[in-house]
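Just so it is clear, none of the values below were taken in a lab; they were calculated from the coordinates. Since the model is a prediction, treat every value here as computed from it, not as a measurement. In this analysis, Cβ positions are derived from the backbone assuming ideal geometry, glycine residues included, and neighbour counts consider all displayed protein chains.
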Amino acid sequence: MGNLLLCTLASLVLGLGVAGIYMYRNNYTKNFVVTLALMPAMVQLVIMIVNGNLGVGVAVMGAFSLVRFRSIPGSSREIGSIFFAMAVGLATGMGYLVIAALFLLIVGLMTMLLNTVSFGEQKTTAKELRITIPENLDYAGLFDDLFSKYTQKAELVRVKTTNMGSLYELRYHIALKGTEIEKSFLDELRCRNGNLNIAIGRVTTRSDEL
């Protein structure tokens, strides 16, 4: 009982550390943060119960396999934090409290460092541009001169018809030469497309999910 209480207390303390690291410079919800804080203790208890018991191990494995059918896809940082909390719980469940603390310290400091510096950031900010044009305009090469003037690169990724086929919606992925020229760029596009709808924003992608 003494070992159980000691490992559980260590798991709770280290779980709070995992949750704090996840919250550093990140958007989060209270439910997910609380789950991260409690996960090492839950994993630790499972490991202590399963240790040496094959039948219980198979039953627990089957129970955990059902969890993935009740969850939604998460971002890569959320998945990484879950594995982080599970690794801490595995270490405390096996009684390696010092190793768990060192692991939390090293990985936590490295995580905060990489999130602080510009490691992995793109040099240019990709944006998604949507332009609506009348059906009588030929969209092939229609904005090439404006793209060469204001963007570093521009790629037409989709064309679709709207408003019962009377309009075309063009979707581009672009990289502007600078943020201060965005308004001038949009003004010239409005003159070219007859002042129809134009939208520019972040690229709608799920590439950071696992």
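Based on the mean of other Cβ atoms within 10 Å per residue, sort peptides 5-18, 80-93 so the most packed one is first. Write down the numbers at each step before the final one.
Numbers: 5-18: 19.4, 80-93: 21.6.
Final packing ranking: 80-93, 5-18.
Under 5 Å between amide hydrogens, which residues at least 5 positions from Tyr168 or on another chain qualify, with H placed 1.01 Å from N in the peptide plane?
The answer is Ile133, Glu135, Thr162.
Tell me the label-point distance for the pair Leu102, Ile49, using the 7 Å Cα-to-Cβ offset, in nm and rounded to one decimal.
The modelled label-to-label distance comes out at 3.1 nm.
Could you tell me how far the Cα centroid of the stretch 147-171 sits from the Cα centroid of the stretch 87-108, in Å?
Answer, in whole Å: 51.
Can you give the extra length, in nm with one decimal, that the chain gains between Glu135 and Arg25 once fully stretched, where that is 0.36 nm per residue apart less the Cα-Cα distance?
Details: separation 110, 0.36 × 110 = 39.60 nm, distance 4.57 nm.
So the chain would gain 35.0 nm between Glu135 and Arg25.
Given 0.36 nm per residue, what is the gain on full extension from Val34 to Met164 after removing their alpha carbon distance, in nm? Please list the in-between numbers first.
On the way: separation 130, 0.36 × 130 = 46.80 nm, distance 4.90 nm.
Extending this stretch completely gives an extra 41.9 nm.
Straight-line reach from Lys177: which lysines have Cα under 23 Å away, leaving out those fewer than 8 places along the same chain?
In chain and number order, the partners are Lys123, Lys127, Lys149, Lys153.
Could you calculate the FRET efficiency of Met110 with Lys177 from 1/(1 + (r/R0)^6), where r is the beta carbon distance between them and R0 is 30 Å, rounded to 0.05?
Numbers: r = 34 Å, r/R0 = 1.14.
Efficiency for this residue pair is about 0.30.
Could you compute the net charge surrounding Thr162? Neighbours are other residues with a C-beta less than 13 Å from the C-beta of Thr162; K and R count +1, D and E count -1.
Counting the neighbours of Thr162, the net charge comes to +2.
So between Val157 and Glu188, what do we pick up on full extension, going 0.36 nm a residue minus the alpha carbon distance? Show your work: numbers first, answer last.
On the way: separation 31, 0.36 × 31 = 11.16 nm, distance 2.10 nm.
Fully extending the segment from Val157 to Glu188 adds 9.1 nm.
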